[in-house]
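Contents: one structure, followed by commentary.
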Amino acid sequence: MDKTVFKNILQILIILIFNSFLAQQTPKKLTDTKVINDTISKKDTIIVKKEALDDVLETKADDQRRDVPKRMIYLNKNAQVKYQDMQIDADYISIDEQKSLIFARGKQDSLGKIIEPVITVQAGKKYETNEFNYNYKTRQAIAYNARTEESEGVIVAQKTKKYNDSVFFMRRGEYTTDDYFIKKKDTVADYYLLASHIKLVKGKNSSQVITGPVQMYIEEVPTPLIMPFAILPFSSKRSAGILIPSFGEREDVGFFLNGLGYYQPIGEHFDIKILADIYTKGSWNLRPETNYIKKYRYSGNFSADIGNTVRGIKGLDNYTKTGTYRIAWRHTQDTKANPFLTFSASVDVTSQTFYNNTVNNNYILDQSVLRTQQNSTLSLTKRFLKLPVTITGTASYSQNFATGLADLRLPQMNVAINQFYLFKSKTGVRQGLIENITVNTGFNLTNYVSTAEGELFTKAMWDKLQTGLKNNIALGTNTTIAKYFTFSLGATIDNALTTKTLTKYYDPLANVVVDQVNKKVAGYSIFSTTASIQTTLYGMLKFKKGSAVEALRHMITPSIGFTYSPDFGSSQYGYFKNYYDANGSLTPYSIFDNGIVGTPTSGMVGALGFNIGNNIEMKVKSKKDSTGTRKIKIFESLNLSGNYNFAAKTHPWSVISINGQSSFFDSKLSVNTSLTLDPYKTVFAPGEDVGIRTEKFGAFSLQGFNIQVSYPLSSELFGEKTDYAKEYKAKGEVRNENYYFDDDNYAHFNQAWTLNINANYAYSRNLSRFGTKIASVGLDGSLKLTPYWNINGSTHYDMITKQLAYTRIGFARDQRSFTINFNWVPFGQYKVYDFFIGIKANILSDALKYKDRSFTQPNAPF
């Protein structure tokens, strides 16, 4: 045999023996590279000693090859490498053991384009790249076209360099929060922020992106929105930061920056936000706000508006400068925190002309500028486990913007005793009038003053402060008589005590009636008793067979009652006095008039009252109902009431009242009516518009009438919803998944709409020759033009003045990652529009937005 051939055969045998020997050895822990193969892989038994590793390097693939001289491992098809907390999945992976480098590449098509990315998972975080280089010794990496998901968005960078597990540098990176792009429903984001250089810093519980110059692209078209830098915090915890303002121009206050501010969390339970509004014509507004919360205990917030509103040009007649303020506090206690002691607060205090001079358009769009009154309340309630008593303490403040007066009740305490039976039942089942006697009672302490805004907590206010204590005791009982009648008895006792009384007298020099308030403790006690009986009657009218109406049912609930109370206006009680007016006539008045505890009744009452309740229903044939019939309510209620006072010297008959409530069309159309009739005739003197009520009975003149009609319409009510999934097979993709397309590629979808119609007519006359009328029609509705377009609006038309009242028109557009909203009040005291475009994602909602507002200067302040 040739020596050369023999030499080559010998070398091959030596190599095979050497490989077999190595395959039978167990690699030393943390010093060798271990190759783990699945059942599909071709086994490679070569293990080469190298420098110590921190962990075992595990690999698998459909096709695995080792180049021993070059110390390389090649993995093809379904390749995977695991090392410590990192896992790499790719179509191709190579491992350079000499340089400690791992190279991974995604799956390519015939043209070399990556069609499946490299998937890298480290510490539970997923990364997608086209190509990936990783040094498992230094733990540094370089990735190309890496896709990194952070918080609500994703970053796609042309080149990413990982310095360590915490710091990444990216070149030409695109950041977007487009949900379709993140979920890979679309290959192109509808918007992204492009930065030439990005630094990503990862922390234990948060991450942060810091960039150089950033430009915004919409549908891959560059926009003029360029920022010199950006800092995006990604954290599950709250973080401090600058709040980006909106900008625009308003006719009355000039150009503005709205909402420029800073947000700062304070511990786990508090945060603070300070916003500023700045206007070029001199107006400014400062808006601090603090929120607080403690789980399962309470939550609330403090907020304020402090500023100056400047309108017009200084030196001209139209120039005004008005200082405004608003202070608000909301506090809510968790119902489970302490069921026996609860506290709540709803405080909203403003300057008298705050809403009329607001520079915040939100108060215009939500109709706050139309407010005539504003209330604030603090409430503390104490309950007891074993006592049937509830104690409630409140403090309230009410502002009337029309009169400029403020009502303050501080403090006010109510002690309510739960209803109880006066006597025990002998048999366990209460029977008769005695065993059914119930008692309701309680006490109410009030400190009240009505004063001007400038007098709050001054000596003038304390001098006008009134203190009153009231106690009410109500006794009641009932029993059944002759099976069909319910007999009831009742009595009420009112006791009152106050620190102020009234003395009236006529001052001939000033020719006025003087109300003199006396600091004197006085009180009164009054009572009244009632007895009533009622029953229920039914009537049924059946129609002939074959008729569309089968039956008519009428339910009548008549009741009569007698009420008695003495004449507390008698001189023996001392509750009423007299004074001589300018004509010398003796005029009675109560010393408790204009007081906090009310006025006792005067004149004996011995009145017999009546009430007749009616309910009328009709049963008609219906093919839609499974029973073949359905009920229609003609009158859900129709009540007639009045009384006759036997003790009255004049006009013993009261005004007759009729009230009705009906609903039609499956209870959709609601109708409420009321009617009042005066049984006595009113006469008018020539040339006089105010009449005199005579003793002539039987006129029954109309004194008041009111009717309210409302009807909610909707697409569902008319059954317009169509199941296009059954009718058309072709469904849209990506942004069009809510559309179905016919054979001609026309889109079909359900256009949901609502329309609420309400109308009101009211007429009142009393003793006037000419009554007053109020008539209006209101519309409130919305229409979905497409699944992403929505139009809404409301308007009211005054049929008396023939003018449109408050009217608002708005539309909203869902732009995938954006929202577009437009609201417009086209006429009225405040003509305003509000246009807003903003990113949906919370992290950019305050940073990327455009807001423009404008309105015509309102009327002069109060």
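The values are calculated or read from the model by the stated rules, or taken from the named source; none is laboratory data. Please read all numbers here as calculations on a predicted model, not as lab measurements. Virtual Cβ from ideal backbone geometry, glycine too; neighbours counted across all protein chains shown.
Checking E716 against (1) modelled with pLDDT of 80 or more; (2) exposed (fewer than 14 other Cβ atoms within 10 Å of the Cβ); (3) closer than 30 Å to W789 by Cα, which test does it fail?
The number of the failed condition is (1).
For S41, work out the one condition from (1) modelled with pLDDT under 85; (2) over 25 Å from E128 (Cβ atoms) it doesn't fulfil.
(2)
How many residues are surrounded by 15 or more Cβ atoms within 10 Å (Cβ to Cβ), among the polar types (S, T, N, Q) and not in a strand (DSSP E or B) when one looks only at the stretch 790-814?
Looking only at that region, the number is 1.
Among the residues of the stretch 596-606, which ones are touching a residue at least 60 places away in the same chain (Cβ under 8 Å) and in a strand (DSSP E or B)?
Passing the criteria: only V605.
From Y538, Y579, Y573, Y589, which residue is surrounded by 13 or more Cβ atoms within 10 Å (Cβ to Cβ), hydroxyl-bearing (S, T, Y) and over 30 Å from L445 (Cβ atoms)?
Y579
Among the residues in the stretch 420-429, are any of a type in the set (F, W, Y), touching a strand residue (DSSP E or B) at 6+ places or on another chain (Cβ under 9 Å) and surrounded by 12 or more Cβ atoms within 10 Å (Cβ to Cβ)?
Yes, that holds for at least one residue.
Let's see how each residue does on (1) closer than 27 Å to K464 by Cβ; (2) free of Cβ contacts under 8 Å to residues at least 24 places away in the same chain; (3) not aliphatic (A, V, I, L, M):
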site: N518; (1), (2), (3): yes, yes, yes
site: A522; (1), (2), (3): yes, no, no
site: I556; (1), (2), (3): no, no, no
site: S571; (1), (2), (3): no, yes, yes
site: N583; (1), (2), (3): no, yes, yes
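What are the residues in the stretch 476-515 that are outside any loop (DSSP other than H, G, I, E, B), farther than 30 Å from G606 by Cβ and of a type outside the set (K, R), if any?
T499, T503, Y505, Y506, D507, V512, V513, V514, D515
Only one of (1) over 30 Å from T446 (Cβ atoms); (2) crowded, with 17+ Cβ neighbours inside 10 Å fails for K545. Which number is that?
Looking at each condition in turn, K545 falls short on (2).
Conditions: (1) within 25 Å of L469 (Cβ to Cβ); (2) assigned to a strand (DSSP E or B). D593 meets all but one. Number of the miss?
Only one criterion in (1) within 25 Å of L469 (Cβ to Cβ); (2) assigned to a strand (DSSP E or B) is unmet by D593, namely (2).
Hey, which of the strands (runs of 3 or more DSSP E) in the stretch 89-204, taking only ones fully inside, have at least 2 residues that are crowded, with 17+ Cβ neighbours inside 10 Å and of a type in the set (F, W, Y)?
Those strands (runs of 3 or more DSSP E) span 131-135, 167-176, 191-202.
Does R813 satisfy the condition of being touching a helix residue (DSSP H, G or I) at 6+ places or on another chain (Cβ under 8 Å) and either within 23 Å of A752 (Cα to Cα) or polar (S, T, N, Q) (or both)?
In short, no.
Can you name the condition, by its number, that K382 falls short on among (1) within 22 Å of A474 (Cβ to Cβ); (2) touching a residue at least 40 places away in the same chain (Cβ under 8 Å); (3) among the basic types (K, R)?
(1)
Enumerate the pairs (first residue in the stretch 73-93 and among the hydroxyl-bearing types (S, T, Y); second residue anywhere and surrounded by 17 or more Cβ atoms within 10 Å (Cβ to Cβ) and assigned to a strand (DSSP E or B)) with beta-carbon separation below 6 Å, excluding pairs fewer than 6 apart on the same chain, so at least 6 apart or on different chains.
Going by the 6 Å Cβ cut-off, the qualifying pairs are Y74/S94; Y83/L57; Y92/R105.
Have a look at T403, T480 and point out the one that is free of Cβ contacts under 8 Å to residues at least 24 places away in the same chain, in contact with a strand residue (DSSP E or B) (Cβ under 7 Å, 6 or more places away or on another chain) and of a type in the set (S, T, Y).
From the options T403, T480, the qualifying one is T480.
Within the stretch 446-481, track down each residue that is loosely packed, with under 15 Cβ neighbours inside 10 Å and small (G, A, S).
The answer is A452, G454, A460.
Hey, can you tell me all the residues within the stretch 525-554 that are free of Cβ contacts under 8 Å to residues at least 60 places away in the same chain and not in a strand (DSSP E or B)?
Matches in the stretch 525-554: T535, T536, F543, K544, K545, G546, S547.
Here are some residues: L408, L433. Which one is hydrophobic (A, V, I, L, M, F, W, C) and in a helix (DSSP H, G or I)?
Every option except L433 fails the conditions.
Scan (1) free of Cβ contacts under 8 Å to residues at least 24 places away in the same chain; (2) in contact with a Ser or Thr (Cβ under 6 Å, 6 or more places away or on another chain) for the single condition Q64 breaks and write down its number.
Tallying (1) free of Cβ contacts under 8 Å to residues at least 24 places away in the same chain; (2) in contact with a Ser or Thr (Cβ under 6 Å, 6 or more places away or on another chain), Q64 fails exactly one: (1).
Could you check A752 against (1) under 30 Å from K726 (Cβ atoms); (2) within 25 Å of the chain's Cα centre (by Cα); (3) buried (at least 16 other Cβ atoms within 10 Å of the Cβ) and say which number it fails?
Every listed condition holds for A752 apart from (3).
Would you check if there is a residue in the stretch 506-522 being surrounded by 15 or more Cβ atoms within 10 Å (Cβ to Cβ) and farther than 30 Å from K619 by Cβ?
yes
Residues are listed down the side, and each one gets a yes or a no for (1) within 29 Å of A841 (Cβ to Cβ); (2) over 49 Å from the mean Cα position of the chain (by Cα); (3) of a type in the set (D, E); (4) outside the structural domain of Q208 (by TED's automatic domain parsing):
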{"position": "Y83", "(1), (2), (3), (4)": "no, yes, no, no"}
{"position": "D96", "(1), (2), (3), (4)": "no, yes, yes, no"}
{"position": "E128", "(1), (2), (3), (4)": "yes, no, yes, no"}
{"position": "A143", "(1), (2), (3), (4)": "yes, no, no, no"}
{"position": "G153", "(1), (2), (3), (4)": "yes, no, no, no"}
{"position": "V156", "(1), (2), (3), (4)": "yes, no, no, no"}
{"position": "K159", "(1), (2), (3), (4)": "yes, no, no, no"}
{"position": "K162", "(1), (2), (3), (4)": "yes, no, no, no"}
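Is the stretch 320-330 home to any residue that is out of contact with any Asp or Glu (no Cβ under 9 Å at 6 or more places or on another chain), exposed (fewer than 13 other Cβ atoms within 10 Å of the Cβ) and basic (K, R)?
No, there is no match, as no residue in the stretch 320-330 is out of contact with any Asp or Glu (no Cβ under 9 Å at 6 or more places or on another chain), exposed (fewer than 13 other Cβ atoms within 10 Å of the Cβ) and basic (K, R).
I need the full set of residues from the stretch 661-700 which are surrounded by fewer than 14 Cβ atoms within 10 Å (Cβ to Cβ) and either in contact (Cβ under 8 Å) with a residue 60 or more places away in the chain or on the phi > 0 side of the Ramachandran plot (or both), in order please.
Those that are surrounded by fewer than 14 Cβ atoms within 10 Å (Cβ to Cβ) and either in contact (Cβ under 8 Å) with a residue 60 or more places away in the chain or on the phi > 0 side of the Ramachandran plot (or both): F665, D666, S667, F684, G687, E688, D689, V690, I692, G698, F700.
For the stretch 363-381, does any single residue satisfy the condition of being part of a loop (DSSP other than H, G, I, E, B) and under 30 Å from D463 (Cα atoms)?
Checking the stretch 363-381: at least one residue is part of a loop (DSSP other than H, G, I, E, B) and under 30 Å from D463 (Cα atoms).
Hey, K649 hits all of (1) loosely packed, with under 15 Cβ neighbours inside 10 Å; (2) under 30 Å from S450 (Cα atoms) but one; which does it fall short on?
With (1) loosely packed, with under 15 Cβ neighbours inside 10 Å; (2) under 30 Å from S450 (Cα atoms) applied to K649, the lone miss is (2).
I'd like to check something: does the stretch 405-428 contain any residue that is of a type in the set (S, T, N, Q), under 33 Å from the mean Cα position of the chain (by Cα) and either closer than 26 Å to I391 by Cα or at pLDDT 90 or above (or both)?
Yes, that holds for at least one residue.
For R238, state whether it is at pLDDT below 80 and farther than 30 Å from N291 by Cα.
Answer is no for this residue.
Does the stretch 563-584 contain any residue that is of a type outside the set (D, E, K, R) and over 24 Å from L502 (Cβ atoms)?
Yes, the stretch 563-584 contains a residue that is of a type outside the set (D, E, K, R) and over 24 Å from L502 (Cβ atoms).
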